[in-house]
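Okay, so here's the structure we're looking at.
Throughout, read-outs are computed from the coordinates displayed, never taken from laboratory work. Model, not experiment: these values are computed from the prediction. Here the Cβ is made from the backbone with ideal geometry for all residues, glycine too, and neighbour counts use every protein chain on show.
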Amino acid sequence: MKVLLGLSGGVDSAVAAYRLQQSGYDVTCAFMRNWDSFANNDIMGNPTINNDVCPQEQDYADAAAVAEKLGLKLLRVDFVKEYWDDVFSVFLEEYKRGRTPNPDILCNKHIKFKAFFEYAQKLGFDTVATGHYAQVEQTDQYARLLRGKDNNKDQTYFLCQMPKYALAHTLFPIGDLEKSEVRAIAEKLELDSVSKKKDSTGICFIGERNFRQFLQNYLPSQEGDIIDIGHGKTVGRHTGVLYYTIGQRKGLGIGGNMGPWFVVGKDVEKNILYVCNGDESEWLYSDSCIVSGVNWFPNSKPEGELQCTAKFRYRQQDNDVTIRFLDETTVYVSYPQKVSSVTCGQEAVFYLGEECLGGGVIEQTFSQGVDLNKKILEAACLFK
């Protein structure tokens with residue numbers, strides 16, 4: 001079977017390439033270039049903008065060293081336009097609305113498992129592979145997406161929107177390994193360019209940034225008031241409501257001894273950031289939400305209610321929920337135990353045991369049937 005592996009220049013995809021090779025697959029590697037800092041005005045907040053060698057070119061060199069060591073062919077493909085159009089533009093539009101999107105999920109949906117997948121098909125490959133910590137089980141009914149063995153590294157949350165047809169033709173060769181095992185294999189193989197390399201962090205294919213400064217390249221800052229939602233008093237100034245997320249505690253710059261303070265809401269039109277004191281954290285808690293654009297991996301959707309678990313952000317513990325489809329792609333999610341900081345624009349991802357069922361974007365959050373955002377804005381009106 002001919003497999004095209006996305007080789008990123010990191011240790012995970014390097015070991016994935018080796019394991020495919022050892023399993024008898026006909027493996028070719030491809031390095032994806034998806035971001036151009038100069039063309040995309042990625043200046044402020046970019047700690048590597050003046051480096052002699054940009055991180056992306058270093059990653060390519062590291063990938064090339066791995067491919068040479070393993071005796072594999074390495075292709076190079078450019079998806080800079082696709083990334084801007086389908087990932088980054090959506091990312092910016094969501095922030096303009098005062099929401100908090102997840103670019104890694106968008107990247108997997110539109111780049112790794114659409115643009116890259118279609119590129120592989122055009123070249124005649126049967127399957128694609130990546131170094132994600134996840135597993136696929138092919139059944140007679142559909143391809144099941146399962147959590148990776150390493151609970152600390154499991155990446156099914158970020159894969160919840162990958163197209164079903166791509167999942168059926170994708171391999172995750174390191175999904176049954178712990179991260180420590182992956183590094184041990186790389187060291188044993190003397191893959192020196194990646195074996196001790198730091199894991200990539202930050203925005204998918206962009207990397208580490210001073211996030212607030214980075215956003216200022218595209219969404220200019222505008223200072224405004226920070227208001228205590230419990231008492232209607234101005235307690236500080238913000239640098240732009242778009243730069244904050246629900247539940248945020250750090251970086252608010254609120255003095256005094258009444259903290260800690262948490263972001264509970266944003267009025268984008270009036271440029272006001274609403275916060276609550278730690279003793280009034282009920283403003284953060286919801287007991288239900290509506291999730292749209294749900295990508296559902298099983299062939300059939302549940303009739304009536306389904307009890308399962310959900311993550312409302314990455315690395316969050318599973319929450320017991322009951323879901324009910326309102327239409328083909330919209331789900332009502334109930335969690336009577338209440339969960340803090342369920343945030344519009346982020347992803348709700350559903351699980352049944354080890355299986356990832358799919359996920360969608362959080363559109364509205366409720367507490368006792370009342371829209372939390374409307375509740376906050378109505379409370380703010382009472383102080384005028």
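Worth pointing out:
- S292-L219 FRET efficiency (beta carbon distance; Förster radius 22 Å; 0.05 resolution): 0.40
- Prolate/oblate/rounded label for region 17-125 (Cα gyration tensor, a/c 1.5): oblate
- Per-pair calculated FRET efficiency, R0 = 51 Å: E178 and E305 via Cβ, rounded to 0.05: 0.90
- Order of Y314, Y165 under a 10 Å beta carbon neighbour criterion, fewest first: Y165, Y314
- Adding -39500 (n - 2.57) for every DSSP H run of four residues or longer, then dividing by how many residues the chain holds, sets the calculated 222 nm ellipticity at -6000 deg cm²/dmol.
- Selected from T28, T139, T309 as most flexible by GNM, with the chain as the system and alpha-carbon contacts under 10 Å: T139
- Taking Cα atoms only, the orientation of helix 372-381 departs from the longest principal axis of the chain by about 30 degrees.
- Listed by chain and number, the aspartates and glutamates whose alpha-carbon sits under 15 Å from that of K188, ignoring those within fewer than 8 places in the same chain, are D12.
- Theoretical gain in end-to-end length, E190 to C381 [0.36 nm per residue, Cα-Cα removed]: 62.4 nm
- DSSP beta bridges fully contained in the chain are about 75 percent antiparallel.
- Of the GluC sites (Glu not before Pro) found in region 195-287, the ones in coil according to DSSP and having at most 16 other Cβ atoms within 10 Å of their Cβ are E208, E223, E269.
- Taking the chain as a whole, the Cys residues whose C-beta sits 4.7 Å or farther from every other Cys C-beta are C29, C54, C160, C276, C289, C308, C344, C356, C381.
- Net length gained if the chain between K374 and A61 were fully extended (0.36 nm per residue, minus Cα distance): 107.6 nm
- Full-stretch length increase - T330, D126 - with 0.36 nm per residue and alpha-carbon distance subtracted: 70.2 nm
- Summary of the geometry: region 1-40 and region 339-362, compared by the centres of their Cα atoms, lie 28 Å apart.
- Charges were assigned to the Cβ only: +1 to each Lys and Arg, -1 to each Asp and Glu. The resulting dipole of region 2-211 about its Cα centre is roughly 340 debye.
- According to the Kirkwood relation over distinct C-alpha pairs, the hydrodynamic radius of region 2-211 is 17.6 Å.
- In loop segments of region 274-327 as defined by DSSP, the trypsin sites (Lys or Arg not before Pro) with at most 10 further C-beta atoms inside 10 Å of their C-beta are R315.
- A convex hull fitted around the alpha carbon atoms of region 101-191 yields 117 Å³ per residue.
- Rounded Å value of the spacing that divides the Cα centres of region 87-149 and region 218-271: 34
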